[in-house]
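Visitor: Next up is a structure, given as structure tokens.
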């Protein structure tokens, strides 16, 4: 009887061990199948359409001139669309405008060669791009999801495919407009009538203006010195500093800097953060320029537009 009990216990133990082994084997097989399933790579297509498309982003807004009544006119900005990946079912990339970089996902219609690309929708300025491909150009429109969030809920796009290249030699064109039109400042001045001798005060609007120093100093190539910077205007220092970021494709939030660099044919905004791309020389020069910007003064003048 005792021998029979021992035999039954042994058989039960063997059965349990076998079940555990079978369970482990089954689980392992399932894991293997899951891993294979997860490792399936969705094939990419139309890689020739990948890249950077940059150009005009235009919409109708109310414009208030210095003289005269408010009117509706076209306001142009620069936008970049980056197509990073296309599969049978999806398109992935980013839009970059006004220092705001947003991911998008959408679809590509092979027959019409057109894209429908949606930004996430969790930002008030997110919207949908509906653009058509023709050669190296993308044209179409963008419509904001939240129509009350922006001045111009529908904008048109005219973009050209471009290759972004960092070049430390890039400079502003010497024919560039050196006036900061975005930040006029009011001054009170006095006028004396020669005939009556009467002096009157009046308010005039003036704008910051840069000097030709911005064409001479390159903070990406040369180690700047305090002697070179000490007598420069604040706007000069700001442009010299931000030329570093413009060469790396930084998308500026401030109109002042966008207006300067969009006058060139080399500026392509591709990112809202390029800090890690700066060379050691650039980092040192930016730090030095920041010190001088803090205490520098501006030169203001009157201009008509």
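The values are calculated or read from the model by the stated rules, or taken from the named source; none is laboratory data. Computed from a predicted structure; not experimentally measured. Cβ sites come from the backbone with ideal geometry, for glycine too, and all protein chains shown count toward neighbours.
Visitor: Output the residues belonging to the stretch 204-236 that are more than 21 Å from residue 303 (Cβ to Cβ) and assigned to a helix (DSSP H, G or I).
Guide: 226, 227, 228, 229
Visitor: Can you name the residue in the stretch 90-100 that is surrounded by fewer than 17 Cβ atoms within 10 Å (Cβ to Cβ) and at pLDDT 95 or above and is also nearest to residue 274 (Cα to Cα) among such residues?
Guide: If we take residues in the stretch 90-100 being surrounded by fewer than 17 Cβ atoms within 10 Å (Cβ to Cβ) and at pLDDT 95 or above, then 92 is nearest to residue 274 (Cα to Cα).
Visitor: Sticking with this one: Which condition from (1) in contact with a helix residue (DSSP H, G or I) (Cβ under 6 Å, 6 or more places away or on another chain); (2) more than 30 Å from residue 247 (Cβ to Cβ) is the one that residue 198 breaks?
Guide: Looking at each condition in turn, residue 198 falls short on (1).
Visitor: Report yes if residue 170 is part of a loop (DSSP other than H, G, I, E, B) and at pLDDT 95 or above, otherwise no.
Guide: In short, yes.
Visitor: From (1) in a loop (DSSP other than H, G, I, E, B); (2) modelled with pLDDT under 90; (3) under 30 Å from residue 279 (Cβ atoms), pick out the condition that doesn't hold for residue 182.
Guide: Single failed check for residue 182: (1).
Visitor: A follow-up question, please. Residues that are within 25 Å of residue 246 (Cα to Cα), surrounded by 10 or more Cβ atoms within 10 Å (Cβ to Cβ) and not assigned by TED's automatic domain parsing to the domain that holds residue 76: does the stretch 135-143 have at least one?
Guide: no
Visitor: Exactly one of these conditions fails for residue 289: (1) closer than 30 Å to residue 53 by Cα; (2) in contact with a helix residue (DSSP H, G or I) (Cβ under 9 Å, 6 or more places away or on another chain); (3) in contact (Cβ under 8 Å) with a residue 40 or more places away in the chain. Give me its number.
Guide: Checking residue 289 against (1) closer than 30 Å to residue 53 by Cα; (2) in contact with a helix residue (DSSP H, G or I) (Cβ under 9 Å, 6 or more places away or on another chain); (3) in contact (Cβ under 8 Å) with a residue 40 or more places away in the chain, the one that fails is (1).
Visitor: Return a yes/no flag: does the stretch 264-276 have any residue that is modelled with pLDDT of 95 or more, in a helix (DSSP H, G or I) and surrounded by fewer than 22 Cβ atoms within 10 Å (Cβ to Cβ).
Guide: Within the stretch 264-276, one or more residues are modelled with pLDDT of 95 or more, in a helix (DSSP H, G or I) and surrounded by fewer than 22 Cβ atoms within 10 Å (Cβ to Cβ).
Visitor: Being in contact with a strand residue (DSSP E or B) (Cβ under 7 Å, 6 or more places away or on another chain) and farther than 27 Å from residue 53 by Cα is the filter here; which residues of the stretch 235-263 pass it?
Guide: Selection gives 235 alone.
Visitor: Looking at 64, 87, 80, which one is at pLDDT 90 or above and out of contact with any strand residue (DSSP E or B) (no Cβ under 7 Å at 6 or more places or on another chain)?
Guide: The match here is 87.
Visitor: I need a count of the residues in the stretch 115-134 that are part of a loop (DSSP other than H, G, I, E, B) and surrounded by 13 or more Cβ atoms within 10 Å (Cβ to Cβ).
Guide: Number of matching residues: 4.
Visitor: Using the structure shown, decide if residue 161 is assigned to a loop (DSSP other than H, G, I, E, B), in contact (Cβ under 8 Å) with a residue 12 or more places away in the chain, surrounded by 10 or more Cβ atoms within 10 Å (Cβ to Cβ) and within 18 Å of the chain's Cα centre (by Cα).
Guide: Answer is no for this residue.
Visitor: Please enumerate the residues belonging to the stretch 186-234 that are surrounded by 11 or more Cβ atoms within 10 Å (Cβ to Cβ) and touching a strand residue (DSSP E or B) at 6+ places or on another chain (Cβ under 9 Å).
Guide: Those that are surrounded by 11 or more Cβ atoms within 10 Å (Cβ to Cβ) and touching a strand residue (DSSP E or B) at 6+ places or on another chain (Cβ under 9 Å): 187, 189, 204, 205, 206, 207, 208, 209, 210, 233, 234.
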